[in-house]
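Nothing in this text is a laboratory measurement; each read-out follows from the coordinates by a stated rule. All values reported here derive from a predicted model rather than from experimental measurement. When we count neighbours, we look across all protein chains shown, and the Cβ atoms used for this are built from the backbone with ideal geometry, even at glycine.
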Amino acid sequence: MGKKQIFEATITANRPLSERYSMLTLQLPDTVGDIEVLPGQFVEIRVADSPSTYLRRPISICDYDSETRVMTLLIRRAGEGTDHLCNLPCGSKLDTVGPLGNGFSIPAPGSTALLAGGGIGVAPLMLLGKKMKDNGVTPRFLLGARTASEILLAEEFAAIGEVSVSTDDGSAGEKGYAADNSALDSRYDLVCTCGPKPMMVGIARKARRNGSPCEVSLENLMACGLGACLCCVEPTLKGNLRACVEGPVFNTEMLLWEL
Amino acid sequence: MANCQASPANGVNLAVEIAGLKMKNPMLTASGTFGFGEEFADFIDLEKLGGFIVKGTTLEPREGNPYPRMAETPSGMLNAVGLQNKGVDHFISDIYPRLKGLDTNVLVNVSGAKIEDYVAVAEKLAPLEGIPAIEVNISCPNVKQGGMAFGTTTDGAEAVTSAIRKAWPRTLIVKLSPNVTSIADIAKAVEGAGADSVSLINTLMGMAVDVERRRPCLSTVTGGLSGAAVRPVAVRMVWQASKAVKIPVIGLGGISSGRDAIEFMLAGARAVQIGTANFIDPQVTVKAIDWMEEWCRRHGVADINEIVGEI
């Protein structure tokens, strides 16, 4: 795993995707050098000028171009800290620590893969889809949201692979939960999922039934993001493991979920 | 120019000593906030620290408390980690060999449920020459019998301290709980039982409720409050304890900068620990050391020991 760094990134674009979501584009400084970002890794962002936001906010890396050092992040307005981040103008500096955690597996060329994201959980699937495609795997995407206007980055995902959609209200794609989407009726060499835990449990269940290996990205509450505080632990076959170091990505075979 | 050479501006002494524990500066990191040091090695040179205190270590491995273990609060956080650690034998076999060569002080925080457990951990650590001091945790609020039971009565604090004193040959620091009526009485009891130093404060017992879910934020309902929010309480207790005992006091509780560290030293601390602030800025310790040196220069202080307990 690469070295963790602390750096000041500059916001070069802030694109609202809906009322609740924004996509921030960050220019990383040259001083970070040639870093490798694994799909599924995250950064910890300090929210300045927000007195009630004491700790950094862990944000999944949506995309990273190692040549230009441009990183994109999807942010959901989940509270005062992320609200503040969504409102930042271009040119703002972000005190950032990363890249942190592990990443999803990239299957062998020619494999089949389903990448399923719910709400903000689609974020890591962008870099993951690109890396898979670079490795000769054409992934299929499953995007879940409450309603059509909250399906995030559908066009960008469609440029990488086939996209299936589920919405709670049926305003786009299949009506119902992502875990009930017909895309999950097939077997895949790997299913990767990130989103609300009930969705991930549902998808992991389907994957197991079809004999598909499944990796999930956990969003456990975190304080340090560096492996020191032991707040974000997840019970596993090897005991309580840190979502920020041994995760956030875990194979479901490791977890104690009832599938 | 010769005068300049002799002036404090070019020769501030930051070195301090805690009963035989020699430190190049007063800066330690607080147990449970700095892992085994290695978690921060990408961000700072660990050898710039006066020392660091590794995660609370118990006789047997502990899985800690169920998730959720953390809740953010105004200028602070609650935790209920519950002393998750792999036990003293794992520390000795897997961690110690990697840390023992560092040119800084590696201290071990020792916790237990029974006095015999504390003693057994101290006995196992005693042969490790690379560990110059232990910090005994009699103040963890997150574990039943996790120490706080010993730390909230003078009799309990005295009993555990005197038992460990017999087993530990080098510097013995006892970490005190703020969840007491008289910190001075506890500090005196620990001093009388043979402690070389006291460190304070551990976390303040607190609680937070998720009003939408109508449930406690922590799996354990209550937890330990740390961060900037506790700092004035900690400064007050360091001041009271340092007036009550002759042994050196190590101050901690919400320290987030060099300014805060100086505040604790003026109030009576010989050394300080930074804890929760490491989560927010992994370089805060070395920045604080630099700031303290600069402060000494601005104030014409040649030796930082001069300011200890000035208030």
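Taking R0 as 25 Å, what's the FRET efficiency between residue B:102 and residue A:95 from their Cβ-Cβ distance, rounded to 0.05?
0.35
Run the numbers on the range B:43-140 and let me know its relative contact order in percent, using alpha-carbon pairs under 8 Å that are six or more apart. Intermediate results must be reported in sequence, preceding the final value.
Working: 148 pairs, mean separation 33.7, N = 98.
Dividing the mean separation by the residue count of the range B:43-140 yields 34 percent.
How many percent of DSSP beta bridges within the protein assembly as shown run antiparallel, rounded to 5?
Close to 55 percent.
Taking 45 Å as R0, compute the FRET efficiency from the Cβ-Cβ separation of residue A:18 and residue B:41 and round it to 0.05.
Calculated value: 0.65.
With both bridge residues required to lie in chain B, what share of the DSSP beta bridges run antiparallel, to the nearest 5%?
40
Can you give the mean number of other chain Cβ atoms that lie within 10 Å of the Cβ atoms in peptide A:231-239?
4
Mind checking the full-extension length gain between residue A:36 and residue A:180? Use 0.36 nm per residue of separation minus the Cα-Cα distance, one decimal, nm.
In short, 48.4 nm is gained.
Quick check on the exposure proxy: order A:21, A:177 from fewest to most C-beta atoms within 10 angstrom. Let's see the in-between values first.
Values: A:21 23, A:177 17.
Starting with the residue having the fewest Cβ neighbours, the order is A:177, A:21.
Given an 8 Å cut-off on Cα distances and at least 6 residues of separation, report the relative contact order of chain A as a percent.
Computed value for chain A: 16 percent relative contact order.
Taking 0.36 nm per residue of sequence separation and subtracting the Cα-Cα distance, how much length would be gained by fully extending the chain between residue B:259 and residue B:153, in nm to one decimal?
Full extension from residue B:259 to residue B:153 adds 34.9 nm.
Tally Lys/Arg at +1 and Asp/Glu at -1 over every other residue whose Cβ is under 13 Å from the Cβ of residue B:241; what's the total?
Working: positive: B:175, B:188, B:236, B:243, B:246, B:270; negative: B:185, B:191.
Once positives and negatives cancel, what remains is +4.
In a GNM of chain B with a 10 Å cut-off on Cα contacts, which of B:189, B:167, B:80 has the highest mean-square fluctuation?
Sorting by GNM fluctuation, first place goes to B:167.
Just want the ordering: A:233, B:233, B:238, B:286, from fewest to most Cβ atoms lying within 10 Å of their own Cβ. Provide the component values of the computation, followed by the final result.
Numbers: A:233 25, B:233 15, B:238 32, B:286 18.
The fewest-first ordering by Cβ neighbours comes to B:233, B:286, A:233, B:238.
Picking from A:141, A:86, A:96, whose Cα lies most toward the positive end of the charge dipole for the range A:1-159 (charges on Cβ: Lys, Arg +1; Asp, Glu -1)?
Among A:141, A:86, A:96, the one farthest towards the positive end of the dipole of the range A:1-159 is A:141.
For B:210, A:49, B:196, which order do you get if you count the other beta carbons within 10 Å of each Cβ and list the fewest first?
Numbers: B:210 12, A:49 8, B:196 20.
Exposure proxy ranking, most exposed first: A:49, B:210, B:196.
For the pairs A:4/B:100; B:55/B:243; A:3/A:93, flag any whose C-alpha to C-alpha distance is greater than 27 Å.
B:55/B:243
Using a basic spin-label model with each label point 7 Å from the Cα along Cα→Cβ, how many nm lie between residue B:129 and residue A:108?
5.3
Please report the antiparallel percentage of DSSP beta bridges with both residues in chain A, rounded to the nearest 5.
65
Averaging sequence separations of C-alpha pairs under 8 Å and six or more residues apart, then dividing by the length of the range A:105-216, give the relative contact order as a whole percent.
27
Under a Cβ-Cβ cut-off of 13 Å, what is the net charge of the residues other than residue B:154 that fall near it, where Lys and Arg count +1 and Asp and Glu count -1?
-3
Could you check the spin-label model distance between residue A:158 and residue A:238? Points 7 Å from the Cα along Cα→Cβ, value in nm.
Placing both labels 7 Å along Cα→Cβ, they lie 4.1 nm apart.
Below 25 Å, Cα to Cα, which lysines can residue B:246 reach? Residues fewer than 8 away in the same chain don't count.
Cα-Cα hits under 25 Å: B:22, B:24, B:166, B:175, B:188.
Report the local net charge at residue B:61: Lys and Arg +1, Asp and Glu -1, summed over other residues whose C-beta lies under 10 Å from its C-beta.
Spelling it out: positives minus negatives among the neighbours equals -1.
For the range A:11-55, list residues with backbone N below 16 Å from a point placed 7 Å from the Cα of residue A:149 toward its Cβ?
Counting only backbone N, you get A:16-22.
With each run of n ≥ 4 DSSP H residues scored as -39500 (n - 2.57), what mean residue ellipticity at 222 nm is computed for the protein assembly as shown after dividing by its residue count and rounding to the nearest 500 deg cm²/dmol?
Helix-only estimate at 222 nm: -6500 deg cm²/dmol.
Charges only on Cβ, +1 for Lys and Arg, -1 for Asp and Glu: so what's the dipole of the range A:61-176 about the Cα centre, in debye to the nearest 20?
200
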